[in-house]
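Here is the structure we will look at, set down as structure tokens.
The values are calculated or read from the model by the stated rules, or taken from the named source; none is laboratory data. Predicted model only: the values in this text are computed from it and were never measured. In this analysis, Cβ positions are derived from the backbone assuming ideal geometry, glycine residues included, and neighbour counts consider all displayed protein chains.
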Amino acid sequence: MKGEGDMKKLMTLVCGAMLAAGILSGCGSKEKAVEPTTAEAAKETTQEEGKETTAEAAKTEAEPVDFSFWCISAHEAFYRSRIDAWNKENPDKPIHVDLVSVGGSDRQSKLLVALQTGQGAPDFCDVNIIHFGVYYDFDEIPFVSLTDLVKDEEDKFIKSKLDMYSYNGELYGSPTQAGANVVFYNTKIMEEAGVDIDSIITWDDFVKAGKKVAEKTGKPMTAVETTDMYPFQSMVLQKGSDFFDAEGNVIINNETNVEILEYLKSWLDDGIAVTMPGGSNTSENFYEFFNNDGMGALIMPLWYMTRLEEYMPDLSGHLAVRPMPVWEEGQQYTSACTGGTGTVITNQCENQELAKEFLYFCKLSYDANKECYLQLGFAPFRSDVWEDEALSVNREFFNNENVFGNVAASLKNSNAIHNNPMVPKAFDIVSSDVMYSVFEAGTSTPKEALDRAADTLNSQK
């Protein structure tokens with residue numbers, strides 16, 4: 001680090017001088033010490049103050065280490081707050097971060113090219129889970145291992161969330177949030193239909209409530225995506241299944257997954273669900289639909305709170321957040337970790353140790369998890385933060401309730417994907433073919449669509 005050597009030399013000289021002074025005073029004669037004159041005392045005080053001022057100046061004049069960071073725009077303000085906090089708490093190790101907000105697909109393509117060519121990659125980058133597995137196909141994974149940052153605190157993290165960004169036992173990305181799924185209920189519609197949302201415990205309860213909503217209000221209970229995977233993938237994970245097993249074998253067309261897709265298809269057939277306007281939860285058509293009280297409930301991860309506040313302001317005050325219904329009481333998994341972004345340190349970073357220190361401070365630490373919820377509404381992936389009083393805040397937008405308190409218990413047993421190089425391909429097939437052909441076009445049965453997906457994935461292995 002520039003300036004660090006000079007600082008160390010200066011501190012050594014100062015400490016040496018102070019030590020020498022202490023030794024000489026201790027080794028003098030036993031004769032009565034001569035009291036210094038007022039002028040001499042003032043001179044000594046000035047000298048001591050000068051030493052302290054010089055030492056302090058050496059600390060504050062340490063030149064910052066430069067880092068580059070390609071991030072998601074929605075996270076930019078949070079990252080800036082963590083950078084400021086780092087520099088305030090670590091004046092001897094200041095950093096300057098060139099934080100650049102880059103769109104998802106653009107960020108992915110630029111990062112891929114930079115890592116393939118060996119030049120131009122940032123030190124830090126946000127990598128969406130749908131792209132993460134791509135980098136496991138490299139001869140050498142181009143990210144710095146973060147395993148040592150969590151090894152002494154593994155019991156404090158949601159293990160399945162860390163597993164999402166791990167491969168062959170090494171952690172390569174820092175999560176941003178738990179990503180646990182919940183249900184956002186429109187309380188106006190629920191009250192009109194006479195539905196008590198706190199009585200909805202299982203998915204069968206959800207269906208019964210949905211039929212009541214459709215009958216009483218003429219509106220659907222919920223919507224399913226046709227160009228993305230919600231809530232299909234969430235329900236698959238919650239039931240203990242996945243698209244791949246732990247060894248990377250394709251299980252996308254197993255009996256459990258087929259049954260869940262058939263279950264969702266029955267929702268559409270029975271009129272309690274519709275296909276999501278615009279195809280996905282990121283569509284402006286959907287924002288308008290849900291904002292105008294178009295349906296009774298939305299099944300999404302807790303991180304969707306920020307989208308609701310930003311793009312669907314008319315829902316303020318009448319959205320209540322509750323745990324994801326379960327398949328049966330007492331089941332192993334009560335929720336599912338889906339979506340999300342892992343922040344990586346690329347292998348082109350020159351100061352990797354300091355980068356790791358900052359990344360821990362920024363995203364993995366206790367305070368980082370707490371601040372992430374307070375600033376962004378993201379559920380902490382550190383369970384030791386869940387009891388923090390700071391999280392027990394009522395959020396006016398969400399029925400003026402303690403949102404985290406309502407769902408915290410359901411987060412403890414959340415399932416997540418088995419990540420591997422084939423995962424991005426599986427996500428693409430489900431989003432572009434399975435969901436559309438079953439729910440929108442009606443050209444395939446759930447079994448036909450999932451069998452086709454399995455054949456495609458197996459042929460590409």
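Residue count for region 340-362 under the criterion of being in a loop (DSSP other than H, G, I, E, B) and of a type in the set (Asp, Glu): the result is 1. Counting only helices (runs of 4 or more DSSP H) that fall entirely inside region 239-339 and contain at least 3 residues that are in contact (Cβ under 8 Å) with a residue 60 or more places away in the chain and more than 24 Å from Val438 (Cβ to Cβ), the qualifying elements are 305-311. Selection over region 327-344 of residues that are in contact with a strand residue (DSSP E or B) (Cβ under 6 Å, 6 or more places away or on another chain) and either among the aliphatic types (A, V, I, L, M) or more than 21 Å from Phe381 (Cα to Cα) (or both) gives a count of 2.
If the condition is being modelled with pLDDT of 95 or more, farther than 28 Å from Ala121 by Cβ and either surrounded by 11 or more Cβ atoms within 10 Å (Cβ to Cβ) or touching a His at 6+ places or on another chain (Cβ under 8 Å) (or both), then region 39-91 contributes only Pro91.
Residue check: Glu170 meets all listed conditions (1) charged (D, E, K, R); (2) buried (at least 19 other Cβ atoms within 10 Å of the Cβ); (3) not assigned by TED's automatic domain parsing to the domain that holds Ala320 but one, namely (2).
All conditions in (1) touching a Ser or Thr at 6+ places or on another chain (Cβ under 7 Å); (2) at positive phi hold for Met295, with the sole exception of (2). Looking at the structure I just gave you, is Gly103 on the phi > 0 side of the Ramachandran plot and either modelled with pLDDT of 50 or more or exposed (fewer than 11 other Cβ atoms within 10 Å of the Cβ) (or both)? No, not satisfied.
Meeting the requirement of 1 or more residues that are surrounded by fewer than 18 Cβ atoms within 10 Å (Cβ to Cβ), in contact with a helix residue (DSSP H, G or I) (Cβ under 8 Å, 6 or more places away or on another chain) and outside the structural domain of Tyr230 (by TED's automatic domain parsing), the helices (runs of 4 or more DSSP H) wholly within region 363-450 are 366-376, 403-411. Of the residues in region 140-159, at least one is within 30 Å of Leu261 (Cα to Cα) and of a type outside the set (Val, Ile, Thr).
Evaluated against (1) free of Cβ contacts under 8 Å to residues at least 40 places away in the same chain; (2) over 28 Å from Val100 (Cβ atoms), Ser365 falls short on exactly one condition, (2).
When Ala209, Ala246 are screened for being under 24 Å from Gln331 (Cα atoms) and at pLDDT below 95, only Ala246 passes. Looking at Val134, Val150, Val144, just one residue is within 26 Å of Ser431 (Cα to Cα) and of a type in the set (A, V, I, L, M), and that residue is Val134.
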